[in-house]
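Worksheet: the structure to be examined is printed underneath.
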Amino acid sequence: MDATSPTLLRPLGLLAELTHRCPLGCPYCSNPVALEARADELDTATWARVFAEAAGLGVLQVHLSGGEPAARRDLLEITAAARQAGLYTNLITSAVGLSAERLAGLAQAGLDHVQISIQDSEAASADRIAGYEGAFVRKRALAAAVVQQGLPLTVNAVVHRANIDRIGEMVDQAVALGASRVEIAHVQYYGWAIPNRAMLMPTPEQVERAREHVDELRGRHHGIIVIDAVVPDYYARYPKPCVGGWGRRSLNVTPSGKVLPCHAAESIPGLEFWSVREHSVADIWRHSPAFNAFRGTDWMEEPCASCPRRFEDFGGCRCQAFALLRDARATDPVCHLSPHHGLLSELAGERREAAYVYRRHTPTPAHATAQGDRD
Amino acid sequence: MTQPPGDALPTDARPHLPRGVRLVDSAAQGGLVLLAPERVFKPDAIAAEILKRCTGEATLAAIVDELAATYGAPRERVLADVSTLLRSLIDKKLMEL
């Protein structure tokens, strides 16, 4: 496929992973297990160039994420640059390390929206899951500050076996905090969640109750808060259209400037990623080997290749196919038409009560430096 | 201001986008797009004409009058179409009255 292909669409969203540094240790973090070092992070000016190039290519929204984006001292300048590029600017934060004063500056710089993740409705459990004492209280404080600034707030409630029975309480808290939107985000098994799968996996009964619960909450809170929720992968019959299709609608820039079709793409061996240090965003979108690897439908195997749903779900998630089947071209085994679909219920059944493997930032810098990573 | 679903919208209200929802003209994406938290909507031609007028200045009645005059359509029908769109956007927290 090349730039003239009619199937090459323009991207709508860019996930900017500003840093992999984060004070929290959530065991389901979507960052890769091999984290990037501070010394390798892009500087302010390069991010500004990336935003301008992305906007020129058609990107409408940027998600400032991480790690914890507030770990960047230049978050204000980065936010202002995104807004100056004309992008809808969304901050995805753990809320730890971001003061109300700093938030006010971001609002003034043009920040459009804030998303705060929560770990549970009960403080002790939330802090235990985050691996950070006092995180719960800080999140509530920042959420209040967001609403006070007049900024729209989304609460992202990450659910798994330890908290899935408290979805109602978490939604109630989001309403009380003044959020306009809440995401019930079932843990997805990538990155750090893979070594923690047996400790995080909900039971089938919990998932069924959660589904009923969400329906009931949507009825009760209609017009008050928007509730987004999807069926968790391992209990679904059809796969999710991961990132809206590979290289189709979104791109992800890592702290060091590598551009990925999705945040987990580096887990697939053999893909060649290009960096914004050497290429423009438009050049990468059109020509980088990683983006063209699974674009369109030509790469598909059966049962996807002849399936009428292939333009809806694009074969599901490539990273999941590789993680579970060691074949990135295979049908995502979440699909009940996959010959390997039975593997998911088998893996979901492997539940175990044990300590989480917390995400910790001890990266190996790509360029060895004496400075290392102190944060 | 909130409205129970099914009730008529007050025609003296001045519909406007809430903070965090923006209508932008994107040359690269071929026209107007409504940007909201984690969402992008591409309005069709009729919806775009309605959205452009929801700036908080004009009342619902004035918007309907103008659209009916511009397109030579029956006012009742325009009111029904505009109300349907606005109500659906209000439910999604993409519009305020």
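Just so you know, all these numbers are worked out from the coordinates, no wet-lab data involved. Note that the structure is predicted; figures quoted are calculated from it, not measured. Note that we place each Cβ from the backbone using ideal geometry, even for glycine, and neighbour counts take in every protein chain shown.
List of remarks:
- Taking GluC sites (Glu not before Pro) across region A:265-356, the ones in a DSSP loop with at most 14 further Cβ atoms lying within 10 angstrom of their Cβ are A:E272, A:E278, A:E301, A:E350, A:E353.
- Rounded to whole numbers, the Karplus 3J(HN,Hα) couplings from phi for region A:145-160 are 5, 4, 5, 4, 6, x, 7, x, 10, 10, 9, 9, 9, 8, 10, 6 Hz, using 6.51 cos²θ - 1.76 cosθ + 1.60 with θ = phi - 60°, and x at Gly and Pro.
- Here r is the Cβ-Cβ distance between A:V147 and A:A45 and R0 is 35 Å; the resulting FRET efficiency, rounded to 0.05, is 0.60.
- Length-normalised contact order for chain A - Cα pairs under 8 Å, 6+ apart - percent: 22
- Base-10 log of normalised Debye intensity for region A:191-317 (one unit scatterer per alpha-carbon) at q = 0.12 Å⁻¹: -0.65
- Extension reserve of the A:E133-A:Y238 stretch, reckoned as 0.36 nm per residue once the Cα distance is removed: 34.0 nm
- Shown in residue order for region A:351-360 are the 3J(HN,Hα) couplings computed by the Karplus curve 6.51 cos²θ - 1.76 cosθ + 1.60 at θ = phi - 60°: 9, 8, 8, 7, 5, 5, 8, 6, 6, 10 Hz (x for Gly and Pro).
- Candidates A:I92, A:I225, A:I78: whichever shows maximal mean-square fluctuation once chain A is modelled as a Gaussian network with Cα springs under 10 Å: A:I225
- When A:M170, A:M199 are sorted by how many other C-beta atoms sit within 10 angstrom of their C-beta, beginning with the fewest, the order is A:M199, A:M170.
- Given R0 = 45 Å, the distance between the Cβ atoms of A:V33 and B:A13 translates into a calculated FRET efficiency of 0.30.
- Distance violations [Cα-Cα > 29 Å] among A:K258/B:K93; A:K258/B:K52; A:K139/B:K52; A:K240/B:K42; A:K240/B:K52; A:K240/B:K93: A:K258/B:K93; A:K258/B:K52; A:K139/B:K52; A:K240/B:K52
- What the phi angles of region A:239-248 give under the Karplus curve with 6.51, -1.76 and 1.60, with θ = phi - 60°, is a coupling list of x, 6, x, 4, 6, x, x, 4, x, 10 Hz, glycine and proline written as x.
- If you look at the Cα atoms of chain A, you get an Rg and a Dmax of 20.1, 57 Å.
- Per residue of chain A, the DSSP helices (runs of n ≥ 4 H) give a summed -39500 (n - 2.57) that works out to -9000 deg cm²/dmol at 222 nm.
- Relative counts (whole %) of C-alpha pair distances in region A:66-180, using bins that are 10 Å wide: 15, 46, 29, 9, 0
- Shielding by partners - mean other protein chain Cβ count within 10 Å, residues of B:30-38: 6
- Per-selection Kirkwood Rh - chain B (Cα, Å, 1 d.p.): 13.7
- Cα-based equivalent ellipsoid, region A:58-108: semi-axes from gyration tensor eigenvalues, Å: 18, 12, 9
- For chain A, the longest piece that avoids every one of the trypsin sites (Lys or Arg not before Pro) found in DSSP loops with at most 12 other C-beta atoms within 10 Å covers A:74-236.
- CD proxy at 222 nm, helix term only [per DSSP H run n ≥ 4: -39500 (n - 2.57); per residue of chain B; nearest 500]: -12500 deg cm²/dmol
- Positive-end residue, chain B charge dipole about Cα centroid, Cβ charges, pick of B:V21, B:V82, B:T11: B:V21
- Over region A:1-142, the Kirkwood radius and the radius of gyration, each from Cα atoms, give a ratio Rg/Rh of 1.02.
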